[in-house]
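Visitor: Handing you this structure, nothing more for now.
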């Protein structure tokens, strides 16, 4: 009796276990069906590399959208951009992360891929559930990136007064023979962006044009290295102003012309240049001294003339006052002494008589 009951229970369990297994399988299938189909339906939309062929050192722009065939999918998680080999690498926006979808499509995503070595590479977009799509890229060896100078700047000024010269055209020639021009501003400043203009490093030749000025000393050569910033100031001068300037120091400081005798005996009446370095005061003192000497000589001559006149007058007076021999009343003295009477004191004695004085 007991054995039959056990057999009946075992027989009844089998259908029940089968029913439970079916329910579990259906539930698991429903759960997997909710998630797996969405991942399997993801794809890239409008994916492109511009350009799709680059040289080593160059970059390509990678643009794409993520599309899900199920419009109800709100977002895709763990989105990243990968490159299949070391010939290229992702340079920017390499991990967008969680990407929102609107009606099953994301906004456009932009990344940069840089070429590192020659070769064929594959750019992949993946998410946390697997790969979404791929795009091929070719990297060529190409030419090495050209080296350039840095920033070149300076000021153009007038060498005479130091004032800036505006509107002057500054030209620089690099070692490859390329010329680059720029005009100075109101402050006389000019500037070249060597990287943007691709000015090769080495010996650079600078010239400046601006009428009526010329660059002092002619073209200027300056050596500038790769990526080097340099300040080069340039001076100009006006040759017209130098040649039309009036001559200076062509006359003595006193304004008096000087006469010089030439080899032929002619008299040169051109004003003599102030080569002795005498100033106005010195010339005045020389002239005053000459006048004083002339006045002194004149005074001496005048005195001599007057003395001669006085002596002549004295001689004439002496001749007028000389007495007649034998005439009384003449002056007394050695030259005009009165003659003694021939007859002695009394006038009547004979010659040779002896006078007796009592």
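Visitor: Which value does Rg/Rh take for the stretch 95-169 over its C-alpha atoms, Rh per Kirkwood?
Guide: My calculation of the ratio gives 1.39.
Visitor: For the stretch 103-142, what does the equivalent ellipsoid look like in terms of its semi-axes, each the square root of 5 times an eigenvalue of the Cα gyration tensor, given largest first in whole Å?
Guide: 26, 12, 8
Visitor: Quick one: work out Rg over Rh on the C-alpha atoms of the stretch 174-244, Rh as Kirkwood radius.
Guide: Taking Rg over the Kirkwood Rh, I get 1.01.
Values in this text are rule-based calculations from the coordinates and carry no lab data. Fair warning: this is a prediction, and the values are worked out from it, not measured in the lab.
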